[in-house]
Amino acid sequence: MSETQSESTARQLAEGARDRVRFEEEALELADQVYRVARRLVRSREEAEDLVQDTYARAFRSWRQYTPGTNLRAWLLRILTNLNIDRGRREQRAPDVQSLEQGDYYLYDRLSVDGNENLDEERVVERLSQDSIVDALADVPHNFRDVIVLVDIGEFSYQDAAQILDIPVGTVMSRLHRGRRALKQSLAESTVGGS
Amino acid sequence: MCPCDCGGCEQRLQPYVDRELTAAEVVEVEQHLASCGYCRRCYELEDTFRRVVKKVLVEPMPPDLKAKLAALRTPLA
């Protein structure tokens, strides 16, 4: 027996409500992971909480734009990074070009300035304090920091980070590279005491 | 400096530590690391650095935030 028009409409509404509830529950499950990324994209805990709340408000409104079966965490982070850019946190200073010229081995070379070939890596890195790492990341220009946070804290692949930020994979790699160099140089200088 | 001085070791450091190299490239890097103490120490430091940075920078969500987010859900009709 075929269903009537009103039965069909009622069924569609019920299915829509069920899909929406499922979406909301899956999104809420990811809240802690979304917050961890947000926390390092902005300077304060309060800003991070606001950003995550704005992200979820927007996600819950536009849930139909999400394609089930695709990466929901990346979808949420894309909303979040766009909102963060819209908020105009672009007042930071331009990157210090000179500071980005060092190679990847810079931190190692700086920390082992005493020429100790038998350097214990764990001990060297332990010389870096928590505050110095937090401060050093906050000082990395935001374009570079966004990529570091997505890859290192969010554990996104280069490809996912590229989609979230809507930039080519090659740009993810170069920003990551330069951002980490800036981070390492800043840490090496704060730890070793300048160059 | 790495004694081989090719520049390639340093370029592959990042994608190697991020596990973004192809299987063939990983084999090449690991063959080099087995024979080059300088690069091995740099790579180990880089790997340790990533782990320490991540550990320090990960801050769990404040306990009341999830309830605030749940309150943003669309009420059921």
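The values are calculated or read from the model by the stated rules, or taken from the named source; none is laboratory data. Predicted, not measured: the structure shown is a model, and the values here were computed from it. Ideal geometry is used to build each Cβ from the backbone, glycine not excepted, and the neighbour counts take in all protein chains shown. Remember, those area values only see protein heavy atoms, side chains included, never the ligands or the DNA or RNA. Shrake-Rupley method; radii C 1.70, N 1.55, O 1.52, S 1.80 Å.
Ranked from largest to smallest solvent-accessible area, with a 1.4 Å probe on the protein heavy atoms, A:Ile85, A:Ile79, A:Ile133 come out as A:Ile85, A:Ile79, A:Ile133. Ligands, DNA and RNA aside, A:Thr171 has an accessible area near 40 Å² when probed at 1.4 Å.
In whole angstrom, note down how far apart the Cα centers of segment A:147-178 and segment A:19-71 are. A separation of 19 Å, based on Cα centres.
Give me the inter-chain shielding for A:177-187: mean count of other chain Cβ atoms within 10 Å, whole number please. It would help to have the intermediate numbers written out before the result.
Values: counts 4, 0, 0, 7, 1, 0, 2, 4, 0, 0, 2.
Per residue, the number of nearby Cβ atoms from other chains is 2 on average.
Accessible area of A:His177 (1.4 Å probe, protein heavy atoms only, ligands and nucleic acids ignored): about 50 Å².
Work out the mean other chain Cβ neighbour count within 10 Å for the residues of B:35-48 and drop it here as an integer. Walk me through the numbers before you get to the answer.
Numbers: counts 0, 0, 2, 3, 2, 1, 9, 9, 4, 7, 12, 8, 2, 7.
Counting other chains' Cβ atoms within 10 Å and averaging over B:35-48 gives 5.
Here A:Met173 sits with roughly 70 square angstrom of accessible surface, probe radius 1.4 Å. Counting Cβ atoms of other protein chains within 10 Å of each residue's Cβ and taking the mean over peptide A:157-169 gives 1.
Taking the Cβ of A:Arg11 as the centre, find all other residues whose Cβ is under 12 Å away and add up their charges (Lys, Arg: +1; Asp, Glu: -1). Residues near A:Arg11 contribute -2 overall. Here, segment B:6-71 has an Rg and a Dmax of 18.1, 58 Å when only alpha carbons are counted.
Which of the lysines could a cross-linker bridge to A:Lys184, judged by Cα under 24 Å and excluding same-chain residues fewer than eight apart? Result set, ordered by chain and number: B:Lys54, B:Lys55.
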